[in-house]
Amino acid sequence: MNSKEQEDVVRTAAVIRTARKLRGKIQIEVANHLGVSQSFLSKLEHARLIPSSSQWFLFCRFMGINPARTFESGFIDHCLSVAGNNPYPQSLFKVHPRYDFHHTSKVRSVLPFIQYFTAQLGEGKFDKFCEENSIDPDFFRVLDNQLNITFTLDLITTLMKKGVLKRTDLQKLVQPISTPLIHGNLHEDYDQMTGPLELVQCLIQNKEKYETNFKYQLEEKDNRSLVVSVAPNPVLTQFDYKNELLGDFLCQYKQQYFKRFASYKAAGELATIEEKQCHFHGHERCIYEIRAVA
Ligand SMILES: [Zn+2]
């Protein structure tokens with residue numbers, strides 16, 4: 001097997017495991033449906049075998065996932081908005097109770113931090129982090145899974161304490177924001193947009209498919225600029241999101257995120273961003289002005 005094939009096997013195994021847990025099935029139920037033995041299914045889930053294409057399509061139909069998109073990305077994504085109740089009530093993922101209330105973050109919003117974590121600390125370290133924090137790493141292969149903001153804060157705090165995430169690393173952190181796959185299937189919306197300001201507006205429309213920790217609103221717009229407000233959800237007062245270590249890190253991240261997103265699929269920078277007022281420095285909300293580069 002070459003390395004591309006090996007990657008396909010590992011990614012497919014992860015999706016099979018993840019989808020089964022998502023739908024609350026045990027191995028024997030899935031094996032019976034596919035007409036294979038439980039030990040065969042176990043080998044699929046542990047990347048020791050790859051399914052035939054007919055097994056793969058049968059599996060995806062059974063699980064209600066898209067065969068082509070899921071195979072390519074390794075993620076399951078139904079593009080749902082944050083909801084008060086769990087969108088997958090039958091799912092079997094282990095999630096520590098400290099992350100399991102006020103589910104205002106979708107996994108989609110955590111992905112840039114996970115990618116950075118893996119890039120900085122190495123493959124396997126994220127699984128270890130999950131193990132130490134009692135959460136199933138497969139949970140993060142379902143972009144519509146929900147948890148509270150504490151998980152993101154824990155990731156940021158860990159990276160800062162290890163000395164691999166500083167203010168000066170923000171641009172590196174948001175680098176992948178201009179690439180399609182980090183947005184899951186939402187990239188199909190973004191692929192149709194033509195300019196930086198149109199892209200940012202589309203992102204704001206989709207914000208609840210990422211998180212509702214903050215409320216994003218388009219305040220003003222003209223041909224060259226947009227004014228966007230970002231206000232904390234009242235529920236955030238229960239979370240330690242602007243402590244001594246973090247400071248205004250989340251605000252800085254959002255600014256860089258918007259700026260990078262305005263350059264979706266482009267090599268250069270297509271927008272500038274200026275903050276007019278900041279929630280982290282005494283105001284009720286942050287106000288950003290985003291200008292297209294002439
Ligand atoms: Zn701010």
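Below is a table of values for the structure above.
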| quantity | calculated |
| --- | --- |
| Qualifying residue in region 132-139 (condition: in contact (Cβ under 8 Å) with a residue 60 or more places away in the chain, under 30 Å from Ile16 (Cβ atoms) and of a type in the set (D, E, K, R)) | yes |
| Which listed residue is modelled with pLDDT under 95 and not polar (S, T, N, Q), from Leu197, Leu181 | Leu181 |
| Hey, Ile50 under 28 Å from Thr179 (Cβ atoms), touching a Ser or Thr at 6+ places or on another chain (Cβ under 7 Å) and outside any helix (DSSP H, G or I) or not | yes |
| Sole exception among (1) among the charged types (D, E, K, R); (2) at pLDDT 95 or above; (3) surrounded by fewer than 21 Cβ atoms within 10 Å (Cβ to Cβ) for Arg108, by number | (3) |
| Test: residue in region 194-216 that is closer than 24 Å to Asp144 by Cβ, surrounded by fewer than 16 Cβ atoms within 10 Å (Cβ to Cβ) and within 14 Å of the ligand (Cβ to nearest atom) | yes |
| Test: residue in region 224-232 that is modelled with pLDDT of 95 or more, surrounded by 15 or more Cβ atoms within 10 Å (Cβ to Cβ), within 15 Å of the ligand (Cβ to nearest atom) and more than 15 Å from Ile273 (Cα to Cα) | yes |
| Check on His46, surrounded by fewer than 17 Cβ atoms within 10 Å (Cβ to Cβ) and under 25 Å from the mean Cα position of the chain (by Cα) | yes |
| Count of region 20-35 residues which are among the aliphatic types (A, V, I, L, M) and surrounded by fewer than 17 Cβ atoms within 10 Å (Cβ to Cβ) | 2 |
| Matching residues in region 258-280 - criterion: being within 12 Å of the ligand (Cβ to nearest atom), surrounded by fewer than 19 Cβ atoms within 10 Å (Cβ to Cβ) and in contact (Cβ under 8 Å) with a residue 40 or more places away in the chain | Lys276 |
| Residue match in region 201-208 (condition: outside any loop (DSSP other than H, G, I, E, B) and either small (Gly, Ala, Ser) or in contact with a strand residue (DSSP E or B) (Cβ under 6 Å, 6 or more places away or on another chain) (or both)) | yes |
| Counted residues, region 209-222 - those being touching a residue at least 60 places away in the same chain (Cβ under 8 Å) and outside any strand (DSSP E or B) | 4 |
| Every residue from region 233-257 that is within 16 Å of the ligand (Cβ to nearest atom) and not in a loop (DSSP other than H, G, I, E, B) | Leu236, Phe249, Leu250, Cys251, Gln252, Tyr253, Lys254, Gln255, Gln256, Tyr257 |
| Count of residues meeting criterion [within 17 Å of Asp222 (Cα to Cα) and either surrounded by fewer than 17 Cβ atoms within 10 Å (Cβ to Cβ) or more than 16 Å from the ligand (Cβ to nearest atom) (or both)] in region 281-294 | 5 |
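The values are calculated or read from the model by the stated rules, or taken from the named source; none is laboratory data. These figures come from a predicted structure and were not determined experimentally. Reconstructed Cβ throughout: ideal geometry from the backbone, glycine too, with neighbour counts over all protein chains shown.
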